[in-house]
Amino acid sequence: PKKLAVLANPTTANMIEVQRQIEAYRQKQTEATLAGLGRELEGKEITLKAQAGAKGRLHGSITTADIADELQNSAGLAVDKRKIELAEPINKLGSYDISIRLSKDIMPTIKVTVEEEEKAKEAEREGEKVTTDKKAAVVKKEEKKKKRKKREEEKKEEKLATEEKVTVEEEEKEAE
């Protein structure tokens with residue numbers, strides 16, 4: 001009922017042989033594609049930038065996903081992050097030789113260089129942040145001044161209005 005087995009006859013034997021040939025052809029095509037990708041990857045050098053401390057230790061680490069993304073962005077080569085083999089975690093500045101296991105026979109090596117992000121960019125960002133913070137503070141002060149002036153003007157108008165009322169009432173009393 002589950003059709004897990006078929007009768008052994010010449011027809012089914014031919015079907016099985018055809019399926020094996022198709023699978024062998026697909027395997028050959030895949031191997032050829034992977035061999036081409038391996039040739040493109042072999043000796044490729046990529047550079048990753050990361051934040052580091054005083055002794056060259058990274059804040060965090062470089063992962064296989066980071067390497068795969070950089071290969072995709074810089075060289076246009078799509079490599080699955082699970083195919084990238086790290087002997088040890090990358091958590092220091094420097095150069096590393098990384099193997100990529102495309103298949104059991106094809107294993108190109110690339111060179112990954114980890115550099116510190118430019119401190120100038122960080123300083124620039126901090127400068128922009130400080131500048132925008134200062135601008136925001138100035139804008140707030142100006143708004144407060146405007147509100148204060150508006151309140152003072154309203155108070156003056158109220159005072160004048162009450163004084164006018166009082167003088168009008170006094171004049172009416174005198175007129176009586």
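Values in this text are rule-based calculations from the coordinates and carry no lab data. This is a predicted model, so every value here is computed, not measured. Here Cβ is always computed from backbone atoms with ideal geometry, including for glycine, and neighbour counts include all displayed protein chains.
A simple rule links phi to the HN-Hα coupling: the Karplus curve 6.51 cos²θ - 1.76 cosθ + 1.60 with θ = phi - 60°, which for segment 78-92 gives 8, 10, 5, 4, 6, 7, 7, 10, 9, 5, 8, x, 8, 9, 9 Hz, with x for Gly and Pro.
Annotation: lysines with alpha-carbon distance below 18 angstrom to Lys83 (same-chain offsets under eight excluded): Lys44, Lys104, Lys111. Using the Cβ-Cβ distance between Tyr25 and Lys2 with R0 = 41 Å, the FRET efficiency computed as 1/(1 + (r/R0)^6) comes to roughly 0.90. From helices alone, the chain scores -20000 deg cm²/dmol at 222 nm; the rule is -39500 (n - 2.57) for each run of n ≥ 4 DSSP H residues, then divide by the residue total. The fraction of Cα-Cα pairs per 10 angstrom bin, counted from 0 for the chain, comes to 8, 18, 13, 12, 11, 9, 7, 6, 6, 5, 3, 2, 1, 0 percent, rounded to whole percents. Compared with the dominant Cα axis of the chain, that is its longest principal axis, helix 119-175 is turned about 30°.
With R₀ set to 35 Å, the beta-carbon distance separating Arg151 from Lys173 gives a calculated FRET efficiency near 0.60. By how many degrees, 0 to 90 and rounded to 10, does the Cα axis of helix 10-41 deviate from the longest principal axis of the chain? With rounding to tens, the tilt is 60 degrees.
Each Lys or Arg adds one and each Asp or Glu takes one away; over the other residues whose Cβ falls under 11 Å from the Cβ of Gly43, this sums to -1.
For Glu163 and Glu115, the difference between the fully extended length at 0.36 nm per residue and the C-alpha to C-alpha distance is 9.7 nm. Show the residues, 5+ positions off or on another chain, whose built amide H is closer than 5 Å to the amide H of Lys92. Correct list: Leu58.
In this label model, Ala35 and Ser99 are separated by 2.1 nm, measuring between points 7 Å along each Cα→Cβ vector. Applied to segment 59-64, the Karplus parametrisation 6.51 cos²θ - 1.76 cosθ + 1.60 on θ = phi - 60° returns per-residue 3J(HN,Hα) values of 7, x, 8, 8, 9, 5 Hz, with x for Gly and Pro.
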